[in-house]
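A.B. asks: Below is a structure I'd like to ask you about.
Derivation of every value follows stated rules applied to the coordinates shown; laboratory data play no part. No experiment lies behind these values; they were computed from the predicted model shown. Every residue, glycine among them, receives a Cβ derived from its backbone with ideal geometry; neighbour counts consider all protein chains shown.
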Amino acid sequence: MKVKFLLPVILMMLASSGIMAQKISGVVTDENGEALIGVTVLEKTTNNGTITDLEGNYTINVSDDAVLVFSYVGYESQEIEVSGRSEINVTLRTGIELTTVVVLGYQTKEKEEITGAVSTVSTDLIEQIPIANLDNLLQGKAPGLVIQSGSGQPGSNATNVAIRGITSINGGTAPYYLLDGVPINAQDFSALNPNDIESISVLKDASASIYGSQAANGVIIITSKKGHIGKTQIDFKTQFGISLRPQDNIDLMTTEELLSFENYLASQGAGGGLGAVYGPDGSSPNPALLDSLRNINTNYEDVILRKGITHSYELAISGGTENLKYYVSGNYFSQQGIVKNSNFTRGTFKTNLSGTLGKFSYDIGMNAGYSVSDLPSSFTNADAGDGDIYQNPISGIYWGIPYESIYQPDGSFSPLLGAGGDNWVDQFENWEQTEKNLKMVGRAKLSYEIIRGLKVASSIGLDYSQLNTHELIPPDALFGAQVPGNSGRLQNINTDSKDYVITSTVSYRNYLGDKRHLLDIIAGNELIRDGGESYGYVAYSLNPKDLSGSGASETTTTPGISGSFSRESQVSLFLNGAYTFNNRYNISGGIRRDASSVFGDNNKWGNFWNVGASWVATNESFLKGNKNLNLLKIRVSYGTLGNANIDRAAKFTSYGSTSYNGNTGQVPSTIGDPNVKWETTKSANIGVDFEIINRRIRGSVDIYNKRTEDFFQQVDLSLTTGSTSLLRNAGTMRNRGIEVGLSADLYRDKKTTITLRGNWAMNKNLVLDLEGVNEFESGTFLVQEGLPYGSHYVVPFVGIDPATGLPLYKDTEGNVTTTFDINNRTTDYGSYLPIHSGNFGLDVRIQNFYASVDFNFMAGHTILNLQLPQYSLDIGSVGIQNFLTDLLDIWTEPGQITDIQGVAAGSALSAIESSRYIEDGSFLKLKGIRAGYRITKVPGNMRYINVYAQAQNLYFWSSLTGGDPETWDNVTFYNYPNPRIVTFGVDFGF
Amino acid sequence: MKLNIIKYRYKGVFSVVLFSALMFTSCNNFLDEQPPSGTIIEENSFENFADVQSALYGAYRFTTYNWFVIALNAWAGDNAQRSRDNGGIGTIYFNWTYNSSNAVEVEAIYLRAYNLVLAVNKILDNIDLVEGGTEDEKNEVKAQCYALRAMAHFDLSRLYAAKYTATGDGGHLGIPYLTESTNASSLPSQNTVKEVYNLAIQDLTTAYDLFTDYAVSNPTFISKVAVDALLQRLYLYKEDWAKVIEIGNRIIDNSGLMLASGSDYINMYTPSENPGEFIFKVGLPAGVNFSIPLISGTSNMGDIFAFGTSVNNYIPNAEFAASFDANDIRPDILFTVMNGSPTLDKDFVNKYSGTGFSGTTDQPYARLSEVYLSMAEAYFELNQPAEARAKLDAVRAARISGYVSIGENGTALRDAIRTERRKELAYEGHRFWDLSRWGLGVDRGTTCVDLATGNCTLAADDFRFVMPIPQHEMNANPNMVQNTGF
């Protein structure tokens, strides 16, 4: 098949292969006529290139019809046709460095050739920001890329990353990430150094189809740094800073307020936990105790939170010749979280060697990192009978009772009522919960250029990661006496994953005949194997003097062991072709065939395809050179994308293990569907790229429609089958939206640029068809035809009845009732998925001084705030937690208008699924400010010194009660807030 | 010269293509899928006779649906009273407010019983295809499979269909009787109750013929005697009195079982592995909780009545508890009083105390005394009062020390047989259905205090003597017809 395809290509190439080589030289200067050192001079469409020397001179051998591309950091790139000349002198102008080359799947392309919707994230925007995890750094950086950070724990992953909306309910929703062509697990991004990244491309439409069955949620292509031709460059970067508490908008009761509130409740016969303090009539049975309580005023924010220190050191050495370019870097990054004992420490090492040797070129690289996270809480502890809540120190800020002391008079930890008898300080001082993450991503690629433009290439990539989680509750901690065996608990789980990919391609990229016809074709195959295994153990009855767990198996409490493994494989064939006529008209098309081990036996191979076209109007002769319309490009694309990230068990009819009366047995457990296949997304995109008024205003607008078919659903089965349901491909969902990216130079002269930039995306999701399946509830929301995914499903809340103090609800007929009945739930309160998202900011550069400010926003979504019912009078918790001062407005007498129900209403916790707790999730956040001074004319051997200061997560505007609106998902419950991080840094270049 | 270059270039391309081709030759193996851990692929599940044995143990695991047979007859009948401490467990059964979608147990038990049916049908599909196992060994397994299939369907019919006599000849809708393995597309429709009984009798007869020894060697597994006990119960519900007597005599004469008395009676309810007069019970080793999907918090027998010693769920009906003779041994096992916690109700049902109140206990299914009492009922219906009284007295004599025959006659004899059945089989999964069988309503008597609705009586032949078909099944299977009233 491939031979047939290659034959005409080779013939075409032969027609254009008899081109003479020619030597070109020249000098590159800036606008002031000063020589520019280290400017990259590249023959367009090839790897052939050089850099300018100390006098700005260059020499390069090229074909006589070549186009030279001159690019330099901080300057606009220029393309110049050789046209038979032997000397070409160039003047580069300062300005925004326009990204002209975009990494697109298995190829790189000139921006003008692209037909799809691809955003490139400028590394300027993410470099040096002291957040350890790449996905959190990408938040707001590309239109349509929506990231919810989930937690401010240093090094933690984002909880939701969605490109152009959610396309799956039971399948994966995360984008496909590639680092230098190697598919990687996003979960362990924290072990990689974001500063090692050269560029990031986000494929949002059918252009992602080149990744076939992995592409439905979009593709994020990360390219790490490589060496450049030239003398050795050394970059040393150091950064130091502190993390501070973010703002919050909650106001908790003081000791005085809480005691008087509890006194009132006791007098009303409410509050079971108050017996020691107040009698049933509100009088105190023990006035001495009450007095002693009055003197305690514990501030739990002070007890639980702190200022954290961040520091980072980085050394990078790069350089090389055409034969050997190298880039080596090492980084140490350490960050303390704002919750005590939450820390993150990381060391990374990166090396890349690349170059050309005759007709061969090679690229060998390794990104390795090891990180250690200390977590202040133990969310996975199965023996915590009180549930997770008491082991979350963030809840302690809210719940801690101000009249309780952390320590008893003898110095030991008090069992706090607010912590369910545990003690948060004991937890983070004595418990251990650490995650150790080792990650290595490596790739070796070799390519051979048979004739000009025709290359064969093979590469092998590996993504290895090992995650070790360690949890220890020591025997002498308060909770250590409550676990089975009453003497501590130790759990270690080790998970490793070894994924490899082998890719072989044949590609051709060259002009045919004259320069009007550019052909760019790639065909290849790929093998991917993802394997993982994990094992772990739990030990009890620890010896306080030996916490290793050794000997624990001899005790009466049996240790637990666990293990699992997984393996997935994929085989792919792909072919992508593009043709450009006269720099104006681009057409492209591609097809990919994927076979995956997760697909059912009847659907082993999936076919995915895409077509696209674009027109660069400004390259037409009638617009060329127009000063007010510098770029106008119109793009259209359409294609199919798959989601193979589906339940691996779905295709298996299986037996499971059980026992009867001490005998091990097997039973039919699940019914599989041999027809299981990928979910298919059909993606259409129309876009416009433009640059106007002497390139002062640059932007793009995209409109898209994504239709996901065959998404996975639980289809009900007759119970006589032995199963309640089966995962089947059945259902259609749509995401539609518009994305705008814009930047404008408000002011621009030789020394100063002021640029305003921003992006905005709107996405509307709709479940179109459930194929006969009834609406179903998924967590707190309802999935129903005609509703956006994630629509909250709650009983309408009217208010607190001033006459009785009871909460009033609406029934399905619109009548007001005091009865809370979940059959009255409606979907009128929006979805948790934001409709609007984006970012805007201002960049200022005045000679060597630069500054920028960044804002993020999301809007059009609602959150079920599960923290609120706790504060709407949870009578059952009176005496065992603190409350918001809002509760001082509790309804006490008829006629009183208030939001807080009276005692007679009982516990607010019994009516959580109510619109009372739905809050607008919209927010605007001042995400970052940065200012610095970069000295480039340093005496001696130094290239530059860069001094800067920056601050992250400074302020937000939001109507949500409590906490950081960025961390919230469909519900919110005591999430670790993103801290304010202020850092100072100095970079040196030699 | 140029030609040579072309050849050379072709070679390069060929070598890459060849490399790719080599990759693909192993493609089929490469894509071989290891199932996720914890999964046994069905194709590998029956390879040898040991797998069959393993699958039989697995099938028995599903007999734990009997938990709800016992719970329902306690909660919805008149032997127990909802405790004031009760946090909600079983309330909809006590108040008879279940419908097709408000009761997780209604769905969970339906699923559980059909899990058992599927498990045994899969064994029967595969048993003659596997390696190993003698003819006798295979017959022993097959016999248990047929018997378990009959048992599951009979119990499904008792739960989800009106009693056999509701239309005289059982011509009304019952439940689907599945003699073949279901698959994902199965949408069976209901058989009539008569068909269900006939198929069950057929399966039990097949089982009877396949078994060899007529003895109970281990009551946690189905034996030939257990097949007879099932048959006898089935004929009792069918009101085929002659068959009840015929099979009852076969059990008494041939099984070697004796009515337990004194400490033997007490001990058979403790985890001491004393089989006593048990013919079949669901075996649960002490300390092992069983789980039923969809039902949480109900993982052992004791939970039906109390959570440990702290929360009382159902207390003994006071009138019933007071009705026992002073010399009767049964109250020792049925009732106890806890001092201290809980705060409100201190009378406990003691039958499933196991190792303390939170312990696990085997689930009773069939005992010898039931065989006697069913025969007494049959003799009475056939107007043979002397024989009826003889069977009744045999049970009383085993339970009441110094018992002297009372010598009832007529309706007094009928009522005495019914009362004795209530006492003897209390909390073992009979009472609610016995009342139904006898055409009686539920009357919880003067000590009934309902905390929620005041329902202390359920009229005879009320539609709620039958459970609704689970809404899940109604949604997924258009061939099903919902039971009257739901």
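A.B. asks: Among A:565, B:154, A:840, rank each residue by its count of other Cβ atoms within 10 Å, from fewest to most, as a rough exposure measure.
C.D. replies: A:565, A:840, B:154
A.B. asks: Loop-only trypsin sites (Lys or Arg not before Pro) in the range A:341-375, please: DSSP not H, G, I, E or B, and at most 15 other Cβ atoms within 10 Å.
C.D. replies: In loop regions of the range A:341-375 (DSSP not H, G, I, E or B), the sparsely surrounded trypsin sites (Lys or Arg not before Pro) are A:359.
A.B. asks: Still on this model: Sequence neighbours fewer than 8 away in the same chain don't count; with that in mind, list the lysines whose C-alpha is under 25 Å from residue B:351.
C.D. replies: B:281, B:391, B:423
A.B. asks: Placing +1 on the Cβ of each Lys and Arg and -1 on the Cβ of each Asp and Glu in chain A, which of A:428, A:278, A:458 has its Cα farthest towards the positive end of the resulting dipole?
C.D. replies: My answer, from the dipole projection, is A:458.
A.B. asks: What is the set of long-range amide H partners of residue A:160 at a cut-off below 5 Å, with H atoms built 1.01 Å from backbone N?
C.D. replies: A:148
A.B. asks: Taking N as the number of residues in the range B:34-182, what value does Rg over Cα atoms divided by 2.2 N^0.38 Å take?
C.D. replies: 1.28
A.B. asks: Averaged over A:649-656, how many beta carbons belonging to a partner chain fall within 10 Å of each residue's beta carbon?
C.D. replies: That average works out to 6.
A.B. asks: Using amide H atoms built 1.01 Å from N in the peptide plane, name the residues 5+ places from residue A:182, or on other chains, whose amide H lies under 5 Å from its own.
C.D. replies: Counting only residues 5 or more places away or on other chains, the set is empty.
A.B. asks: What ranking do A:409-422, B:421-434 get when scored by the average of other Cβ atoms within 10 Å per residue, highest first?
C.D. replies: Highest mean packing first, the order is B:421-434, A:409-422.
A.B. asks: I would also like to ask the following. Would you mind putting A:979-988, B:229-238 in packing order, based on average other-beta-carbon counts within 10 Å, highest first?
C.D. replies: Those peptides, ordered most packed to least, come out B:229-238, A:979-988.
A.B. asks: Here's something else I'd like to know. In the structure shown, do any of A:111/A:706; A:204/A:237; A:627/A:927; A:325/A:937; A:109/A:226 have a Cα-Cα gap over 28 Å, and if so which?
C.D. replies: Among A:111/A:706; A:204/A:237; A:627/A:927; A:325/A:937; A:109/A:226, the Cα-Cα distance tops 28 Å for A:204/A:237; A:627/A:927.
A.B. asks: What span do the alpha-carbon atoms of the protein assembly as shown cover on each of the three principal axes, reported in whole Å from largest to smallest?
C.D. replies: 130, 87, 66
A.B. asks: Alpha carbons only, please: Rg and Dmax for the range A:769-837, in angstrom.
C.D. replies: 14.5, 48
A.B. asks: Shielding by partners for B:179-187, please: the mean number of other protein chain Cβ atoms within 10 Å of each residue's Cβ.
C.D. replies: 5
A.B. asks: Loop-only check: which trypsin sites (Lys or Arg not before Pro) in the range A:866-959 are DSSP coil with at most 11 other Cβ within 10 angstrom?
C.D. replies: Qualifying residues, ordered by number: A:937.
A.B. asks: Let me ask something else. Would you mind checking the pairs A:340/A:439; A:498/A:764; A:340/A:925 and listing those with alpha carbons more than 30 angstrom apart?
C.D. replies: Check vs 30 Å cut-off fails for A:498/A:764.
A.B. asks: Hey, another quick one. Taking a cut-off of 15 Å between Cα atoms, list the aspartates and glutamates near residue A:44, but don't count ones fewer than 8 places away on the same chain.
C.D. replies: List returned: A:64, A:65, A:79, A:81, A:110, A:112, A:113, A:514, A:520.
A.B. asks: By DSSP, what percent of the beta bridges with both residues in the protein assembly as shown are antiparallel, rounded to the nearest 5?
C.D. replies: The antiparallel fraction comes to roughly 95 percent.
A.B. asks: When ranked by the protection proxy of mean other Cβ atoms within 10 Å per residue, highest first, what sequence do the peptides A:428-438, A:479-489 form?
C.D. replies: A:479-489, A:428-438
A.B. asks: Explain nothing, just compute: Karplus ³J(HN,Hα) = 6.51 cos²θ - 1.76 cosθ + 1.60, θ = phi - 60°, for every residue of the range B:478-486 in order, whole Hz, x for Gly and Pro.
C.D. replies: Each residue of the range B:478-486 in turn: x, 7, 8, 10, 5, 5, 3, x, 9 Hz.
A.B. asks: Can you figure out the FRET efficiency of residue A:933 with residue A:248, using R₀ = 51 Å and their beta-carbon distance, to the nearest 0.05?
C.D. replies: Result of the calculation: an efficiency of 0.90.
A.B. asks: Would you mind giving the mean number of other chain beta-carbons within 10 Å of the Cβ of each residue in B:52-65, as a whole number?
C.D. replies: Per residue, the number of nearby Cβ atoms from other chains is 5 on average.
A.B. asks: Using the count of nearby Cβ atoms within 10 Å as a rough guide to exposure, how do A:103, A:303, A:506 rank from fewest to most?
C.D. replies: Going from least to most buried by this count: A:303, A:103, A:506.
A.B. asks: So what's the gap between the Cα centers of the range A:419-437 and the range A:118-150, to the nearest angstrom?
C.D. replies: 31
A.B. asks: Hey, what do the phi angles of the range A:891-902 turn into as Karplus ³J(HN,Hα) couplings, whole Hz, using 6.51/-1.76/1.60 and θ = phi - 60°, x for Gly and Pro?
C.D. replies: 5, 10, 8, x, x, 6, 9, 7, 9, 9, 5, x
A.B. asks: If you put +1 on each Lys and Arg Cβ and -1 on each Asp and Glu Cβ, how big is the dipole of chain B around its Cα centre, in Debye rounded to 20?
C.D. replies: In total the dipole reaches around 1280 debye.
A.B. asks: Set Lys and Arg Cβ to +1 and Asp and Glu Cβ to -1, take the dipole of chain A about its Cα centre, and tell me which of A:603, A:208, A:879 lies farthest positive.
C.D. replies: A:208
A.B. asks: Sticking with this structure for a sec: Exposure proxy check: B:148, A:134 ranked by fewest other beta carbons within 10 Å?
C.D. replies: A:134, B:148
A.B. asks: Going by Cα centres, the range A:319-356 and the range A:706-749 are how many Å apart?
C.D. replies: Cα centroid to Cα centroid, the span is 36 Å.
A.B. asks: Further question: Would you mind checking which residues have amide H under 5 Å from residue A:799's amide H? H placed 1.01 Å from N; only 5 or more apart, or other chain.
C.D. replies: Excluding prolines and chain starts, which carry no amide H, the hits are A:808.
A.B. asks: Can you give me the three principal axis dimensions of the range A:119-196 from its C-alpha atoms, in Å, biggest first?
C.D. replies: 36, 28, 25
A.B. asks: Relative to the longest principal axis of the C-alpha atoms of chain A, give the angle of the C-alpha long axis of helix A:2-15, reported between 0 and 90° and rounded to the nearest 10°.
C.D. replies: 40
A.B. asks: Additional query: May I ask you to list the aspartates and glutamates whose Cα is less than 13 Å away from that of residue B:243, ignoring any residue fewer than eight positions away on the same chain?
C.D. replies: Excluding near neighbours in sequence, the set is B:228, B:377, B:381.
A.B. asks: Magnitude of the Cβ-charge dipole of chain A, K/R +1 and D/E -1, about the Cα centre, nearest 20 debye?
C.D. replies: Using Cβ point charges on Lys, Arg, Asp and Glu, chain A gives about 4680 debye.
A.B. asks: Please list, in order along the range A:33-39, the HN-Hα scalar couplings obtained from phi with the Karplus expression 6.51 cos²θ - 1.76 cosθ + 1.60 (θ = phi - 60°), rounded to whole Hz, x for Gly and Pro.
C.D. replies: Couplings: x, 8, 5, 9, 9, x, 5 Hz.
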